[in-house]
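Dropping the structure in here first, questions after.
The values are calculated or read from the model by the stated rules, or taken from the named source; none is laboratory data. Here the structure is a predicted model, which is why all the values come from computation and not from measurement. Here the Cβ positions follow ideal geometry from the backbone for every residue, glycine too, while neighbour counts run over all protein chains shown. Note: areas computed on protein heavy atoms with side chains; ligands, DNA, RNA excluded. Shrake-Rupley method; radii C 1.70, N 1.55, O 1.52, S 1.80 Å.
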Amino acid sequence: MKFLFLEFNKFHKGIKSDNIYLGLVLIFSFICIFFWGLHELAILGADFGIYYIKSKFASYDFRLYTEIFDHKGPFYYYFLKNIGIIIGWGKYQAIISLILSAFVFFLPVYFIIAKFLKKNIEKIFFIIVSTTLLIGQDGSSSIAFFQEGLLLISLGGILFYRKNKFNFLFIILFFWLSFFTRVDSILFFPVILIYFFDNLISDKNQLNKIVYLIIFFLSPVFIFLYLSNYFDFNFNAFWIHNFVFNNWYSNLNFSNNLINEVQHLIFRPNGLILSSQTIILPYLLYLYLQKFRNIYKDKFYFSLRNIYEKGLINYDSLIIIISFTSYLITKSDKHYYALIFLCPSLLCLVKIFSRFVNTRNLIFPPIFFLLISLNTSNLIHNFEVVFRDLPIDVPYQRTLDFVEDNKIESFQMIGGMGWPYILSNTKPVGSLNNFWMYKPKNPFITNGLISQHNLILSQNPGYLFWIDNGLLKYKNTNIYLKELLINSEIVEDQGFYSMFKIR
């Protein structure tokens, strides 16, 4: 045992003094991200395929929030569309866009780790910790990584940089870009508001105060005006699709049973696994328990002033509280929701380690090698998928063959996904996210969805369209699906989709 301890200690000191380890770990992390992105080809997930195809065809005749139904903000589509304009569109271009989406999160994290942590062992440790966030995630997490990257740039500016006009502009802009990616970023607005008043009060220059006011109030307006003009939507459409829909969705599975509601709120086995395997949650619990323990020893009594003076409530503590609360509000155990808590918490852990010297003792070999093993295992799994399991058998291949054989350039799907259009190089007719209109008993309706529904019904007899077979079981409970089926007849069950024609 003594020999092992000495060898571990020697290894620890070697990492501290040699930059080659840092370079190797960065390369390892890049490779993990690359094969994580390629793994999407094996699952052809619904979410990223929809994001990608919407961004490709979003235009003045295929408008976001009108012909395109969506409940996300416009900025991620703006990012994907401009990447597509540069590198082109297709199956492999989609994977490049997915990988770049992840790098929007990882590059700022790498930069903060490299710049603000002093020892190589700390930098290497946190690069490995951040890479572990990929485990259990897939392409559906693309927008979450993208949003969290923008948010971390903003919050990182608050935690790590001095107060000045340029940094303030940077922080405000990236916060609102995060908001216009997914509106749930608004939950972090209290942090931004406190930082705004902090700057306003601490800067005695009256001209600077005016500059802060202009930046704070006009930044979201200019971003909204630019994106709304780019995608041709108005504030009412943005509000309905991002706020009204999300409120409707949160109440969709609401239960009057208090026990069920509490279960949805706290029963998160996937979230607990993801939080533990990254060691973010254990380290946070340990560090804050230590802080409370030290305060208790000092016979600390609770008051707002003492809480602030003892460092219990500061920016990083507030960020952790908000991120955890945001995760609880989702009432979901989906893997990508865990990132709402884990990504900001990772940033706060880096801040704690950069501030206190004694935290370096928490980086010890067993944890170090456990994280490397978890990441290596995940990489090997993705590597095997790419080189052994591809190409996969697409479940809707019969539909793709029909489209290709009949040289169809655009077609309509009810409950459709994005990848069928990407693989067949065709254009969608109508919205892709229309299953919210055709699945629930009390569906969510917008003017755009109603117009597209009526357009199908008004087509000439023989007009072909496809319905996801998974939706057909709702034909007796959903009035719009029932109306479609009454006015059409099935042509062929193609396995994943069924082809229908208007009577």
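Table: residues versus (1) charged (D, E, K, R); (2) surrounded by 17 or more Cβ atoms within 10 Å (Cβ to Cβ); (3) in contact with an Asp or Glu (Cβ under 6 Å, 6 or more places away or on another chain); (4) on the phi > 0 side of the Ramachandran plot.
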residue	(1), (2), (3), (4)
SER345	no, yes, no, no
PHE356	no, no, no, no
ILE367	no, no, no, no
ILE372	no, no, no, no
SER377	no, no, no, no
ARG388	yes, no, no, no
PRO391	no, no, no, no
PHE402	no, yes, no, no
SER410	no, no, no, no
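Is it the case that region 191-200 has a residue that's open to solvent by 30 Å² or more (accessible area, probe 1.4 Å) and within 29 Å of HIS71 (Cα to Cα)?
Within region 191-200, the subset open to solvent by 30 Å² or more (accessible area, probe 1.4 Å) is 193-194, 197-198, 200.
Add one more test, that the residue is within 29 Å of HIS71 (Cα to Cα), and what stays is 193-194.
Yes, there is a match, as at least one residue in region 191-200 is open to solvent by 30 Å² or more (accessible area, probe 1.4 Å) and within 29 Å of HIS71 (Cα to Cα).
Tally the residues that are within 19 Å of GLN277 (Cα to Cα) and assigned to a helix (DSSP H, G or I), restricting the search to region 329-352.
Residues meeting the conditions: 16.
Here's something else I'd like to know. Do you know which of the residues in region 442-494 that are hydroxyl-bearing (Ser, Thr, Tyr) and within 32 Å of the chain's Cα centre (by Cα) is farthest from PHE402 (Cα to Cα)? If you could, list the steps in order and put the result at the bottom.
Going residue by residue through region 442-494, those that are hydroxyl-bearing (Ser, Thr, Tyr) are 446, 451, 458, 463, 474, 477, 480, 488.
Next, from what is left, pick out any that are within 32 Å of the chain's Cα centre (by Cα): 446, 451, 474, 480.
On the way: THR446: 31, SER451: 27, TYR474: 26, TYR480: 26 Å.
So the residue we want is THR446.
Follow-up question, since we're still on this one. Tell me which helices (runs of 4 or more DSSP H) are completely within region 59-153 and hold 3 or more residues being closer than 29 Å to PRO391 by Cβ and open to solvent by 40 Å² or more (accessible area, probe 1.4 Å), or say none if there are none.
75-87, 91-116
Let's see how each residue does on (1) farther than 24 Å from PHE175 by Cα; (2) of a type in the set (Val, Ile, Thr):
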residue: GLY84; (1), (2): yes, no
residue: ILE135; (1), (2): yes, yes
residue: SER140; (1), (2): no, no
residue: LEU150; (1), (2): no, no
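Would you check if PHE69 is out of contact with any Lys or Arg (no Cβ under 9 Å at 6 or more places or on another chain) and under 27 Å from ARG355 (Cβ atoms)?
Considered against the rule, which asks whether it is out of contact with any Lys or Arg (no Cβ under 9 Å at 6 or more places or on another chain) and under 27 Å from ARG355 (Cβ atoms), PHE69 comes out as no.
Kindly indicate which of LEU284, LEU312 is aliphatic (A, V, I, L, M) and at pLDDT 65 or above. Can you show your working first?
Values: LEU312 fails: at pLDDT 65 or above.
Every option except LEU284 fails the conditions.
Just one of (1) modelled with pLDDT of 95 or more; (2) within 19 Å of the chain's Cα centre (by Cα) trips up GLY84, so point out which.
Every listed condition holds for GLY84 apart from (2).
Additional query: So which residues in region 413-431 are touching a helix residue (DSSP H, G or I) at 6+ places or on another chain (Cβ under 8 Å), in a loop (DSSP other than H, G, I, E, B) and farther than 19 Å from GLU483 by Cα?
The initial filter retains those residues of region 413-431 that are touching a helix residue (DSSP H, G or I) at 6+ places or on another chain (Cβ under 8 Å), namely 413-415, 417-424, 426-428, 430-431.
Filter once more, so that each one left must be in a loop (DSSP other than H, G, I, E, B): 415, 417-418, 426, 430-431.
Correct list: MET417, GLY418, THR426.
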